[in-house]
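The values are calculated or read from the model by the stated rules, or taken from the named source; none is laboratory data. Computed from a predicted model, the values in this text were never measured in an experiment. Neighbour counts run over all protein chains shown; Cβ positions are idealised from the backbone, glycine included. Just the protein is used for accessible areas: all its heavy atoms, side chains included, with ligands, DNA and RNA removed. Shrake-Rupley method; radii C 1.70, N 1.55, O 1.52, S 1.80 Å.
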Amino acid sequence: GLELSPCVGASSLGPAVPWRSGGPCKMKRVRTVFKPEQLERLEQEFLKQQYMVGTERVDLAATLHLTETQVKVWFQNRRIKWRKQSMEQKAAKLSQFGVIQPATADSTDIKDHEEDTVDVEL
């Protein structure tokens with residue numbers, strides 16, 4: 001199951017972060033800390049293919065002792081990181097030639113990959 005931290009009240013660090021509304025206790029999801037061996041294997045698989053689906057994802061999750069959702073979210077977040085790095089490299093190359101790159105991402109790129117934007121890690 002999901003690991004949730006105990007009730008979190010307002011503190012000097014800011015307001016509590018609700019995970020699910022509807023109760024007096026506000027829960028915050030605990031971020032998954034992957035083992036180095038898990039990260040190495042996930043990165044190897046990402047180099048082969050950027051999208052892991054179906055039985056491949058189930059098998060990888062079982063092999064790494066993770067949930068299928070954890071693998072799915074890791075791949076989603078890794079694709080976002082990969083795109084950001086690609087855009088930064090492209091901007092750096094263009095700046096070498098004196099071409100000014102706009103600061104915002106291409107809107108069609110964002111629309112095509114909207115389902116990949118995930119802020120929550122399991």
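Where residues in segment 83-103 are part of a helix (DSSP H, G or I) and surrounded by 13 or more Cβ atoms within 10 Å (Cβ to Cβ), which of them is farthest from the chain's Cα centre (by Cα)?
Out of the qualifying residues, it is ALA91.
List pairs: first residue in segment 51-70 and under 23 Å from ARG31 (Cβ atoms), second residue modelled with pLDDT under 95 anywhere in the structure, Cβ distance under 6 angstrom, at least six positions apart or on different chains.
Sorted first by the residue in segment 51-70, then by its partner, the pairs are THR69/LEU122; GLN70/THR32; GLN70/LEU122.
This table checks each residue for (1) of a type in the set (Gly, Ala, Ser); (2) part of a loop (DSSP other than H, G, I, E, B); (3) closer than 23 Å to SER86 by Cβ; (4) open to solvent by less than 60 Å² (accessible area, probe 1.4 Å).
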site	(1), (2), (3), (4)
VAL33	no, yes, no, no
GLN38	no, no, no, yes
ARG41	no, no, yes, no
TYR51	no, yes, yes, no
GLU56	no, no, no, no
ASP59	no, no, no, no
GLN70	no, no, no, yes
